[in-house]
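**Student:** This is the structure, below, for whatever I ask next.
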């Protein structure tokens, strides 16, 4: 069975007087351990597709099944708990809390989910920071870290629940080329360890690192490269 199976996804937004079809009958399969890049111009539907796969948004029609769980059938509370346990998200803007340390940011999903005791949460958070090479920056706040370090903190936060799937939306978009390469190297390493990885990107050099590349335009997948 496919790890992620999307079938007939449609999603329309109303912008002023205009209807925009962000997803137009999109179907795709993601195998466990895959590394997929979803590319396309701004407004093409790629972020909407990522949000639907991750359960952050619901399609108007169609289905998304992740690891045997039909996201459309899950209630809001169940869906939130499922996302927190099984899916890690990395965003272009880092989404870190400025008043919290790196460690506090990393363990926030555990705190929100009521997972474990304080000591256990801190131990898991430190392990996640060490995996991305930032164990010595646990007490630093985001303003004391470089852009690349902040993105690695965001990756550690995505890792803290040991998810099977990481969805990264333009993870290098706010970084220079050197730091962006470091972040992609880190995500690629995690993929080699068995984590399924879906990256949204407009950067062809990032897409070139993926095992498969999907190109989406006007809500439709128009090209697939690397698919068996």
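The values are calculated or read from the model by the stated rules, or taken from the named source; none is laboratory data. Bear in mind the structure is a predicted one, so any value in this text is a computation, not a measurement. Note that we place each Cβ from the backbone using ideal geometry, even for glycine, and neighbour counts take in every protein chain shown.
**Student:** Across region 80-95, what is the total count of residues that are closer than 15 Å to residue 4 by Cβ and loosely packed, with under 14 Cβ neighbours inside 10 Å? Steps first, please.
**Tutor:** Just the residues of region 80-95 that are closer than 15 Å to residue 4 by Cβ, to begin with: 82-83, 86-89.
Now narrow it down to the ones that are loosely packed, with under 14 Cβ neighbours inside 10 Å: none.
The qualifying residues number 0.
**Student:** Here is a follow-up. Restricting the search to region 187-215, which residues are farther than 14 Å from residue 39 by Cβ and touching a helix residue (DSSP H, G or I) at 6+ places or on another chain (Cβ under 6 Å)?
**Tutor:** The one that is farther than 14 Å from residue 39 by Cβ and touching a helix residue (DSSP H, G or I) at 6+ places or on another chain (Cβ under 6 Å): 197.
**Student:** Another question, then. Check 172, 181 and return the single one that is surrounded by fewer than 19 Cβ atoms within 10 Å (Cβ to Cβ) and at pLDDT below 90. Steps first, answer last, please.
**Tutor:** Values: 172 fails: surrounded by fewer than 19 Cβ atoms within 10 Å (Cβ to Cβ).
Unique residue meeting the criteria: 181.
**Student:** Are any residues in region 135-151 within 20 Å of residue 173 (Cβ to Cβ) and surrounded by 18 or more Cβ atoms within 10 Å (Cβ to Cβ), and if so, which ones?
**Tutor:** 142, 145, 148, 149, 150, 151
**Student:** In addition: Name the residue, out of 45, 88, that is at positive phi and modelled with pLDDT of 80 or more.
**Tutor:** 45
Quick grid of which residues meet (1) in a strand (DSSP E or B); (2) out of contact with any helix residue (DSSP H, G or I) (no Cβ under 9 Å at 6 or more places or on another chain); (3) touching a residue at least 40 places away in the same chain (Cβ under 8 Å):
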{"position": "13", "(1), (2), (3)": "yes, no, no"}
{"position": "21", "(1), (2), (3)": "yes, yes, yes"}
{"position": "29", "(1), (2), (3)": "yes, yes, no"}
{"position": "33", "(1), (2), (3)": "no, no, yes"}
{"position": "36", "(1), (2), (3)": "yes, yes, yes"}
{"position": "43", "(1), (2), (3)": "no, yes, no"}
{"position": "57", "(1), (2), (3)": "no, no, yes"}
{"position": "65", "(1), (2), (3)": "yes, no, yes"}
{"position": "100", "(1), (2), (3)": "no, no, yes"}
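**Student:** Specify which of the listed residues (162, 123, 188, 130) is within 20 Å of residue 50 (Cα to Cα) and either modelled with pLDDT of 90 or more or in contact with a strand residue (DSSP E or B) (Cβ under 7 Å, 6 or more places away or on another chain) (or both).
**Tutor:** 188 is the lone residue from the list that is within 20 Å of residue 50 (Cα to Cα) and either modelled with pLDDT of 90 or more or in contact with a strand residue (DSSP E or B) (Cβ under 7 Å, 6 or more places away or on another chain) (or both).
**Student:** Okay, next question. Taking region 185-223 only, how many residues are in a strand (DSSP E or B) and crowded, with 19+ Cβ neighbours inside 10 Å?
**Tutor:** So the count comes out to 10.
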